[in-house]
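Working notes, structure below.
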Amino acid sequence: MKKFNLVITIVCITMLASFKPAPKTDLFADYPAYSGNDLGVNYSPQQTVFKVWAPRAIEVKLRLYDAGNGGEATATTNMTKGLNGTWELAIKKDLKNKYYTFQVMQDGKWLLECPDIYARAVGVNGARGMVADLASTNPKNWQNDKKPAQKNFTDIVLYETHVRDISISSNSGIKNKGKFLGLAETGTKSPDGEPTGLDHIKQLGVTHVHLLPSFDFNTVDETTPEANKYNWGYDPLNYNVPEGSYATNPYDGNVRIREFKTMVQALHKNGLRVILDVVYNHTSDTKGSNFNQFAPGYFYRQNADGSYANGTGCGNEVASERAMVRKFMIESVVYWAKEYHLDGFRFDLMGVHDIETMNQISAALHKIDPTIFIYGEGWTAGNSPLPEDQRAVKKNMAKLNEVAAFGDDLRDGLKGGWGDLKEKGFVSGATDKKESVKFGIVASTPNTQVDYTKVNYSKAPWAAEPFQTITYVSCHDDNTLFDRLKISNPKASEADLIKMDKLANAIVLTSQGVAFLHSGAELLRTKKGIANSYNSPDSINKIDWSRKTKYKVVFDYYKGMVALRKAHPAFRMPSTKMIQDNLKFIETGDTGLIAYKISNNANGDSWKNILVVLNGNTSPKTIKKPAGKWTLAADENGVNLKGIRTIGTGDITIPATSAYVLYRK
C-alpha cells in the first residue's frame, strides 16, 4: 500500500529527523559501476531475465506472485551474484503478466520487499512489479504513430495541464474523467456546446501538451478511486511506469501502459506533441524508497556530516552525478521517449541536477530524435552540497546543450514577485519592472538595450540562444494568473483585471523564446486563492468549462494571440544574432510603456516591419509612430491577421493596460 501519511509537495516537510544519517559520500566512491543496458526485467515467452544492481548485498531473493496485491508468493528464488554489483536470475518459462518483488539482505538484515528501480509495469499502488510483454500493450496502429512536424524549438507553444484537471469536471462532457483516456477523447463539449478537453486544446492552437507528473506516484490510493484523492504527482514511486489512478483498471499492469500510449497517439493524431514532467530530483520517501532497498544511501547526496542533503526541500536530493544514478536517469528518459513516443521532458527542480548529467541526457535523447525538447526549473528549493558551478541552474545555461529553463525574470516582472503577493507587476502599473520585461522579450539573451542593473533577478543574460528560455507568466505553482492579479489589485474591477490578464499573456505570446501557457489561463482559471493546490480537491483544481462560455472573449483573444505567433516567425526567431540584428527597442520615456520594432522580414516573416507597443499604465499613452502607414493586427479587444484598421502618420494612442501589434508589408 502507498504511504498516505507523507505530505509531498514542491515545498515538502523535511523528514530528516526520522532517518539515521546516510553513509558519508566518500563511502560510495568505490561502488562498482555496471555499464550494461539490461538492468530490470527482460521478457520473452521462452524466459524472463531479472537483473538488479545491489553492490553491497549479501543475498538477493526474487518472489513471484499471481496478483499485484494480496496472496502469498508462488515461488521464492535466490539470485546469483554477477559482475560489478549485479545480481541475476533467468527463469525459463513464460512469466507474462506474473508479478514479482525483490528483497536484499545487507549488513545482516533484510531490506524491504519491492519492485526493481527499473520496473516498467506494476500492480496496484506500485508495490509489486509485473512481467510485461510491452509489444502487447501497443494500441492499434501504434507502429504508425507519427509526431507532428516541428522545425525550431522556438516554434513551440507549450500548454501545461494535469490529466485529472482537464477532464474531471461534471461539465467537461468527457466520459473517462480524470483518466489518460479522457485526454484521448474527441468530440467532447460542455453543456453550452463549447469544445472541451483535447478538442479545446486543439482549438486554442498550441503545439505541445505538457503533462504534470504522470508516472507512478505515491500519494493516491489506487484501490479506492471513490475517495477522489488528488495530487499533482511530484512524489515519485516507480519512475518508469504510468500512474495507476489515471488508468481505468489499476490492478492489471498492462492497462495503464496501453491507455497512456492511446493518449499519446490521440494527441499526435490531433497535431499535438507530448511533454512529460519528470521528477528525478527527489523521491517521496527516503528510507523506504526503492532506491534505498538496493543500494542504501548511494542514490542520494549527503552533507559533510553524513546526513541527507535537502536541496529539494523534500528531505532528500538525488545524486545525479554518481555513475549509476546518472545511468538510471538517462536510461529512464530514453525508455519513455522510445516506448511511449514522447516528444520532450520538463525536469522538476533541474537545478538540483549536475550539468554533465543533463548534457548526457540531452545527447542521448537527441540521438533518438533531434526535435525532442528538454527544459526545467533552473533553480533549487534549498542549499545543496553540489557546488553551484556544477548545477543546471539558470546562470549556467550556457554550459548546457539544447536544454532550456523557465524565465522567472519575465514572469515576476509581469505580475509581481513570487515572495510578495501584494506586489504589482508591469501589467498592473508597476513603475520598476520595465527592464525585467524587456529582458524577457529578448528571451534572456544578450542585448545592449537592456539595463541589467534594473532586472529583478538576473543581472546578466543567462540564455545563449532564445530557445533556452521558457517565456511564461504562470504555471501550476503558486496562484493562477487571474487569482494573483486579484490579490495584488484588490480594488480593480473585473474588467480591469481582464485587461491585465490579457496583456500579460499577450506579452508572453509576442516575446522571443519558447512560449508557455498554464492550462485554464485562457478561461481566467481560478483556484479560489489557493496557491499550493498540490493535494486540494477537484473543486479547487478542476477546469470549470462554464468559464469558457462566460469568458469567451478572453478565450478568443488567447486563441488569436497564439495564431499570431504561429503565423509570424518574427516572434520566434531561432538565434540570438537574429534577435540582435532585427529587434530594436524604441525609447518611450515612460516606465510603464514598452515599444519595439522588428525589421527586415525577420526570420522569413511576410511582414517586413512589425511594431509592438505594450502599455502597462492605468491610463492611455501616446507614442510617436515610425513613419508611414501601418496596419493594426492586434489591439486590446482582439486579433485580426488581415488587419483591424490602417493607422496613418503621426502619433498613436495606446489604451490603458493593452498591447498593440502593427505591421507594414
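The values are calculated or read from the model by the stated rules, or taken from the named source; none is laboratory data. Model, not experiment: these values are computed from the prediction. Neighbour counts are summed over all protein chains in view; Cβ atoms, including those assigned to glycine, are modelled from backbone coordinates with ideal geometry. Protein only, heavy atoms only, side chains kept; ligands, DNA and RNA dropped before computing areas. Shrake-Rupley method; radii C 1.70, N 1.55, O 1.52, S 1.80 Å.
Quick notes
- Solvent-accessible ranking of D420, D651, largest area first, probe 1.4 Å: D651, D420
- With all protein chains modelled, accessible area of S599 [1.4 Å, Å²]: 20
- Heavy atoms of W232: accessible area, 1.4 Å probe, square angstrom to 10: 10
- Of the chymotrypsin sites (Phe, Trp or Tyr not before Pro) in the stretch 371-427, the ones in a loop by DSSP (not H, G, I, E or B) with at most 15 other beta carbons within 10 Å are W418.
- The trypsin sites (Lys or Arg not before Pro) found in the stretch 389-448 that occupy coil by DSSP, while having at most 15 further C-beta atoms within 10 Å, are K422.
- Rolling a 1.4 Å probe over the protein heavy atoms gives the chain an accessible area of 36 Å² per residue.
- Between Q449 and S575, the contour length at 0.36 nm per residue exceeds the Cα-Cα span by 43.7 nm.
- Spin-label model distance (nm) - D221 vs T431, 7 Å beyond Cα toward Cβ: 5.8
- Environment charge at N359 (Cβ cut-off 13 Å; Lys +1, Arg +1, Asp -1, Glu -1): 0
- Cα-derived Rg to Rh of the stretch 133-278, Kirkwood definition: 0.95
- Net length gained if the chain between N84 and A364 were fully extended (0.36 nm per residue, minus Cα distance): 98.5 nm
- Once exposed loop GluC sites (Glu not before Pro) are cut out (DSSP; at most 14 other Cβ, 10 Å), longest piece of the chain: 73-586
- Share of carbon and sulfur in the accessible heavy-atom surface of the chain [1.4 Å probe, %]: 51
- Calculated from the alpha-carbon coordinates, the stretch 476-628 shows an Rg and a Dmax of 17.6, 55 Å respectively.
- Treating r as the C-beta distance of W110 and K550 and R0 as 51 Å, the FRET efficiency rounds to 0.30.
- Separation of alpha-carbon centers, the stretch 65-88 and the stretch 116-178, rounded to whole Å: 29
- Tail fraction, Cα-Cα pairs, the stretch 256-412, threshold 20 Å, whole percent: 51
- Of the three principal axes defined by the Cα atoms of the stretch 512-591, the extents in descending order read 49, 30, 26 Å.
- For the stretch 352-434, the pair-distance distribution built from all alpha carbon pairs, in bins 10 Å wide starting at 0, is 17, 35, 27, 18, 3 percent.
- Look at the Cα gyration tensor of the chain: its axes a ≥ b ≥ c give a/c of at least 1.5 with a/b over b/c, and that counts as prolate.
- Potential lengthening between T622 and T186 on full extension [0.36 nm per residue; Cα-Cα distance subtracted]: 152.3 nm
- Per-residue SASA entry for K584, accessible area with 1.4 Å probe, Å² rounded to 10: 100
- Taking the Kirkwood radius as Rh and the Cα radius of gyration as Rg, the stretch 538-665 has a ratio of Rg/Rh equal to 1.03.
- Distance in nm between pseudo-label sites at N144 and D420 (7 Å out along the Cβ direction from Cα): 6.0
- Dividing the summed -39500 (n - 2.57) terms of all DSSP H runs of n ≥ 4 by the residue count of the chain sets its mean residue ellipticity at 222 nm at -6000 deg cm²/dmol.
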